[in-house]
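The values are calculated or read from the model by the stated rules, or taken from the named source; none is laboratory data. Source: prediction; values computed, not measured.
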Amino acid sequence: MAATVLKFKFVEALVTNLETGELLMMPPREVMEHVFAEPFQPFRIHTASGRNFEVRHPEFVQVGRNILTVFAPPEGDPNGPQRWEKVSLVLIESIAPLGASVSSGS
C-alpha cells in the first residue's frame, strides 16, 4: 500500500506545476477513480479539441501515465471496424457521467 501511495505522489508531481500548484493535465488517478468505481458508472471524456469518448465498460479504457487508450466502437455501422484511440491526458478537459451534459471549460 505504501508503494502505491508513493507512486501516486510521483505522478501528481508530473501533472502539477510545483511552483503555482496549477494542474497541467488530468491526473491518471482521477481517471482511474471513474474506471474502478463500484458500481461502475459509464462516463464521457471531453477533450480540448471537442472530441468526446464514451466509456460504457471499465474494460473499454486503459490508463497510462500520460495517455489513455479508449475503445471506440464503430460509428453508425455495427459491423464496421473497431478501433482503439489514444488520448493524451493533457488534452482531457472534463470527465462526466454519461447522463450529464458536456460542459466546455471556462
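Below is a table of values for the structure above.
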{"read-out": "Residue list for region 1-48, filter: part of a strand (DSSP E or B), of a type in the set (Ser, Thr, Tyr) and at pLDDT below 65", "value": "Thr16"}
{"read-out": "Top-ranked residue in region 71-88 [being more than 15 Å from Met26 (Cα to Cα) and outside any loop (DSSP other than H, G, I, E, B); ranked as farthest from the chain's Cα centre (by Cα)]", "value": "Arg83"}
